[in-house]
Every structure is written in C-alpha cells, then in structure tokens.
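The structure appears below as structure tokens.
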Amino acid sequence: MNKKPRLSFWEIWNMSFGFLGIQFGFALQNANASSILLTFGADVHHLSWFWLVAPITGMIVQPIVGYFSDRTWNKLGRRRPYFLAGALLTSTALILMPNAPHLATVIAPMFIGGGMLMIMDASINISMEPFRALVADKLPEEQHALGFSMQTLLIGIGAVIGSWLPYMLGNWFGISKEATTGLIPDNVTYSFYFGAFALISAIIWTVVSTKEYPPEFYDDDENEEVANEKFRIPKKMWQLLLVQFFSWFALFSMWVYTTPTVAQHFFGTNDPNSADFKEAANWVGILFGVYNGVSAIIALSLPKIAEKIGRKNTHIIALTIGGLSFLSFAIIPNYQLLIIPMIGIGIAWGSILAMPYAMLANSLPPKKMGMFMGLFNMSITIPQIVNGIFGGFILKYAFGGDSILSLYMAGVLMIFGAISTFFINDKL
C-alpha cells in the first residue's frame, strides 16, 4: 500500500465539512423529535420506542453502505456518491417531518412522524458512515486524531446552529412560536426547512472540494492468506464495545428524556400542548446547542491532549466529567443553570465522537475500512436499541414515571464507560 501523505488543515476541513450539514439535521431531530411526537399524541412512556428507529436503521444501513462503498468507484469516487445520495434523502425527510399532519389521512400523525423519523435516520446514516471511513482512507495514522477531531468540531458547529435555530427564529426573528397551520410551531417548521438546505449545501461542498485515492492506491504485495486474516474483527474493536455500550446508552437517555425532564422539573408542566412545555422544548434546544458547542470548542485540543496523556486517558477523563454532569441535575436549582452540566456533557460528547475512532482506525484493513466502520457502528446502535426497548419500562416501573431518574442512570453508566476504558490496549 502507498504511504498516505499528510494533509493540510484546510484539506481536512473540506473533506469533513459535510458533517456540519449532517449534524445540523441530526441536531434538529434530537432536540425536537420528542416534542413533535408528543404533540402528535405519543405517550411519554412510549417515546423510547419511537426513538428505536434511529439505531435500528443505523445498524442495518451503515454496514451495508460501508460494504458497498468499499467496492464502489465511479466519477464521484468511492465514498462521495453515498454522501450525495444520503443528503438528498435526508433533506427531503427534514422537509416532510414537521408536515406529518398534512400527510395523515387514515394513519395517525404520530405514526407518520415516526415514519419520517425512520426515513430521516436511514438517510443520515447513508451519508454519515462513509465520512468516518474517508478519514481513515485519506489520513496517515498520526493524523487520525486530528481528522476525527475535525469532524467533531464541524459536528459541534452544525449541532449548535441546528439546536438553537428554533429558539432564535422564535425569540430573535419574530417567527411565531405557535402553529398557524397544522400542529407544529412555525419556528420549528422553518428550522427544518433551513436545515434541509444547510445539509445538502455542506455535503455538496465536500463532494466538490475533496478527491479520493483510486482503488489501486491501496494495493500491496500481501498474499491472499494474509488479506483473509485481516478480515477478522480486531481485538481493539472488541475492547471498545463495552465502553461504547455504556456511553451510547447514556446518550440515548439524554436525547429522549431531557425535554420531559426539563418541562416537568423546571417549567412545572407535563402537558405537551401547553405554552410552558413548548418553551421548555425550545430551551432544551439551547442546552443541546451548548453541549455541542463545547464539543466543537474542545475538538481541536483533543489531539494535543491525547499526545500528552494518551487517547485512552483522554477518553477516561472526558467520560467521567460527562457522568458527573448528568448526576448534577439533582442539585441544579433553575433551568438557566442547566447550562453548567451541559458543558461537562459537551466535553464527553467531543471525546465520544473522536477518541474511539482514533483508537480503532489503524487496526482496520484499508480495503475493508467502510465495512468495518459500519460494523463498529453497531457498538453505537445496539445500546440505543436496548435502551429503546427497556428504557420506557425502566422509567414506568422502576422510576415511577420521573424522567429525571433516567438522566441520573445515564450519569452512572457513563462513569462505568470511563472505568471500562482502562482495559483498552491503545498505543500509537
């Protein structure tokens, strides 16, 4: 295999820029899907079931896309055709999601909304998986941490804008926070439209500005026996599975239950159609923007920290901070101060998006990078599926319907993830 040249900051920026658009759409979904589904008539105890569509579609789509992108080569390249196809589909789903009531004739709006959520997640995954593989395709090992941290930076920027946009439109630009037509407030609806435009524009930027190495670049003199040996799942991937399980189980709880928690404990309402609940949902968008913004701010410092104390120790510290931040919800006196734990969660999020991939990438065979990255995505989707199946039962029967306890559980599990990281064997 040819030696990969080091790329400049702006070359890495361009090849990762599409992730800004992907995360813009993903942030709109994360911050608003629970509120939209509750408005459509979903029960809070069933929210986690609707959110199951995200990890299930990711588990199915990402390995398939990875497998085929490893074997694709045309005028657009190897990974870029999938970026573009996913962008077109996701943009369409973003436009349709807030308009679910207009599409409902026989089927209830909440099931139309759930269907749109599934289509959106499948489409996002078509674009997302090849971006992870592209970093490993193009960068030498010493730049892997920088490459994945650059993605974290752009993910953070896109997520901040996507999370805050409904609040900004409603409070700064005078867009109505009520629904003039249908059920979804105008500020949320227009945010989804803008998100569709931002996503496809960012993906096109990467497609136009980035070139890929042709398949023969990865040819080497290995015989078939050695090549077949490389198909085995690397030991480091197995070591990372437990860490990922705890981390992503916790994150899924945050995405599903932060809105009802903030509404109940800080705005004093459980009625999804009340003005206070909508205000709580808008504030959750701000909070989600904070943690994503923090991840963007620390993203480019993570490689430097990892150089000094190691990627493993960097991840341990970040997950511990995140876990303690979830637990601190117990002592926060008002909704404005929830920004404080979100800063800690942002530190954990930044590391979760970068360090596991940086630790794993050089353990994977270059010609099967897409497939293995897709398989590794199961370490993200499986814990979310487990949470989606059992999270509602835990909330109802163990926590008495009090969703803040689900966030405390998330904190404990994230600390377990930090402990599990001690057992990873990672050396540059």
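The values are calculated or read from the model by the stated rules, or taken from the named source; none is laboratory data. Since the model is a prediction, treat every value here as computed from it, not as a measurement. Positions of Cβ are backbone-derived with ideal geometry, glycine not excepted, and every protein chain shown enters the neighbour counts.
Before moving on, here are some points about what is shown:
- Which numbered condition ILE424 fails, given (1) assigned to a loop (DSSP other than H, G, I, E, B); (2) more than 29 Å from ILE60 (Cα to Cα); (3) aliphatic (A, V, I, L, M): (2)
- Cβ separations smaller than 7 Å between residues 6+ apart or across chains give no pair from region 334-345 residues that are at pLDDT 95 or above to residues that are surrounded by fewer than 16 Cβ atoms within 10 Å (Cβ to Cβ) and part of a helix (DSSP H, G or I).
- The listed residue being under 13 Å from the mean Cα position of the chain (by Cα) and either crowded, with 24+ Cβ neighbours inside 10 Å or without any contact (Cβ under 8 Å) to a residue 24 or more places away in the chain (or both), out of ILE124, ILE175: ILE124
- Failed item in (1) of a type outside the set (Asp, Glu); (2) more than 27 Å from PRO63 (Cβ to Cβ); (3) assigned to a helix (DSSP H, G or I), with LYS368 passing the rest: (2)
- Across region 385-420, the number of residues qualifying as part of a helix (DSSP H, G or I) and under 17 Å from TRP51 (Cα atoms) comes to 15.
- Where ALA398 falls short, out of the listed (1) buried (at least 19 other Cβ atoms within 10 Å of the Cβ); (2) farther than 14 Å from PHE148 by Cβ: (1)
- Among the residues making up region 267-296, those that are assigned to a helix (DSSP H, G or I) and more than 19 Å from ASN30 (Cβ to Cβ) are ALA275, ASP276.
- Out of ALA54, ALA42, sole residue that is at pLDDT below 80 and within 19 Å of the chain's Cα centre (by Cα): ALA54
- ILE389 being touching a Leu at 6+ places or on another chain (Cβ under 8 Å), surrounded by fewer than 20 Cβ atoms within 10 Å (Cβ to Cβ), over 18 Å from GLN23 (Cβ atoms) and in contact (Cβ under 8 Å) with a residue 24 or more places away in the chain: yes
- Selected residue (criterion: farthest from SER176 (Cα to Cα)) from residues of region 322-331 that are in contact (Cβ under 8 Å) with a residue 12 or more places away in the chain and surrounded by fewer than 20 Cβ atoms within 10 Å (Cβ to Cβ): LEU324
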